[in-house]
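Trainee: Shown below is the structure under consideration.
The values are calculated or read from the model by the stated rules, or taken from the named source; none is laboratory data. Quick caveat: nothing in here was measured; it's all calculated off a predicted structure. Quick reminder, even Gly has a Cβ in these numbers, built from the backbone with ideal geometry, and neighbours come from all protein chains shown.
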Amino acid sequence: MKKITNKNIFIKLYNAKEKHWLKTILISGFSGTISFTSSTIIKLANIDTNSPLGIFFNVTSLVLFWIFFIATILIQISNVVYAKYLKSIDKNNEKDLNFNLKLISNINNVCNEKLNTLIEVISNVKSDIIKPPPIINKPCNQLRNISIAISDTIDYVLNGSNVNNNGEKDVKVNIFYSLPDESDKSWKMSDSQNFDYESISEIVDNKDSLFNLALNERSDIIMRNNKKEALSEQHYVPCNADMNGDTKLNGSILYYKMPVKDNHGKTIVKIVIMVYTCRKKFAKEDSEAIKNAKYNIETVLLRFKPRIQIEMCLLYLHHLNALFEHTKSK
């Protein structure tokens with residue numbers, strides 16, 4: 001059986017019928033009343049059915065009846081074909097959904113295998129079982145690329161293909177990390193997008209900041225859809241972009257924790273992702289819209305989580321290798 005597509009003539013007829021529904025009703029109604037109307041006119045006008053005028057009325061009504069009758073049949077067929085078309089779409093959508101889920105699952109499994117291998121290597125290095133291997137790639141560059149990819153994805157999820165008047169995307173992403181097992185446990189920022197603060201100390205050293213509030217939360221995610229409200233709660237530290245005349249704290253901010261833990265549940269790398277906007281909020285001031293925006297952003301971050309954790313492990317190994325080489329050179 002030939003596959004039904006939106007180019008099928010009955011699908012086009014169905015769409016035309018839906019668009020011109022009033023005409024469809026008139027066609028369907030008129031087809032059933034042509035004979036009655038014709039006979040009524042002949043009777044009221046006292047026209048002889050055998051006369052030329054009577055024959056004209058009878059032939060015309062018969063032709064019109066068949067025209068409108070066939071049109072009605074075609075309309076009914078279009079309904080049946082369109083129903084089958086919808087079923088085929090549903091099956092294809094289900095097939096596409098299953099394919100995408102399987103694809104995501106397999107990609108995550110590959111990334112998790114890689115991540116587990118790196119966690120084991122870090123544990124062996126920390127236990128002096130092996131020497132820290134040199135890292136050839138540049139994790140910082142990869143993390144910058146990942147932060148840009150996250151920004152682009154979230155911006156598209158929230159705004160579609162629309163951009164602001166300056167042609168710039170409003171969503172910005174920064175990745176913070178800390179190595180709790182090292183002598184320097186201070187928070188650092190990976191190479192990411194332009195940072196709108198003079199230094200990260202403005203955020204991490206402020207005990208009331210949303211950053212520190214996120215660290216102490218049980219939940220992995222904390223979000224403020226309205227920066228003004230967060231500022232009134234003394235949880236938000238305004239960035240440089242918030243001071244511009246065209247922003248005025250119009251944006252939103254979110255922090256997401258995704259620590260890397262070893263096989264015993266001990267955190268070996270702390271990671272916090274900051275996502276924020278300066279011109280437009282994540283969502284309208286509506287509880288359902290805010291909930292959906294939060295879910296969508298978290299979904300995007302979860303998709304990138306294994307890649308971020310892998311690069312952070314590589315960055316940690318690079319750090320351990322640098323310490324090893326420095327100690328060896330003394």
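Trainee: Assess whether residue 262 counts as being in the same structural domain as residue 217 (by TED's automatic domain parsing), under 20 Å from the mean Cα position of the chain (by Cα) and more than 24 Å from residue 195 (Cα to Cα).
Mentor: When the stated conditions are applied, residue 262 does not pass them.
Trainee: Of all residues being in contact (Cβ under 8 Å) with a residue 40 or more places away in the chain and among the small types (Gly, Ala, Ser) in the stretch 211-251, which is surrounded by the fewest Cβ atoms within 10 Å (Cβ to Cβ)? Just the residue, please.
Mentor: Filtering the stretch 211-251 for residues that are in contact (Cβ under 8 Å) with a residue 40 or more places away in the chain and among the small types (Gly, Ala, Ser), the one surrounded by the fewest Cβ atoms within 10 Å (Cβ to Cβ) comes out as 241.
Trainee: Could you please give the count of residues in the stretch 297-327 that are modelled with pLDDT of 90 or more and more than 19 Å from residue 175 (Cβ to Cβ)?
Mentor: 2
Trainee: Yes or no: the stretch 280-301 includes at least one residue that is in contact with a Ser or Thr (Cβ under 6 Å, 6 or more places away or on another chain), charged (D, E, K, R) and over 27 Å from residue 108 (Cα atoms).
Mentor: Within the stretch 280-301, one or more residues are in contact with a Ser or Thr (Cβ under 6 Å, 6 or more places away or on another chain), charged (D, E, K, R) and over 27 Å from residue 108 (Cα atoms).
Trainee: Starting from the stretch 314-330, keep only residues that are more than 23 Å from residue 114 (Cα to Cα), then list their pairs with residues that are exposed (fewer than 15 other Cβ atoms within 10 Å of the Cβ) whose Cβ atoms are within a distance under 8 Å, requiring at least 6 positions of separation or different chains.
Mentor: Correct list of pairs: 324/131.
Trainee: Being modelled with pLDDT of 85 or more and surrounded by fewer than 17 Cβ atoms within 10 Å (Cβ to Cβ) is the requirement here; does residue 88 meet it?
Mentor: no
Trainee: Only one residue in 155, 181, 208 is in the same structural domain as residue 314 (by TED's automatic domain parsing), farther than 30 Å from residue 234 by Cα and modelled with pLDDT of 85 or more. Which one?
Mentor: Only one candidate passes the filter, namely 181.
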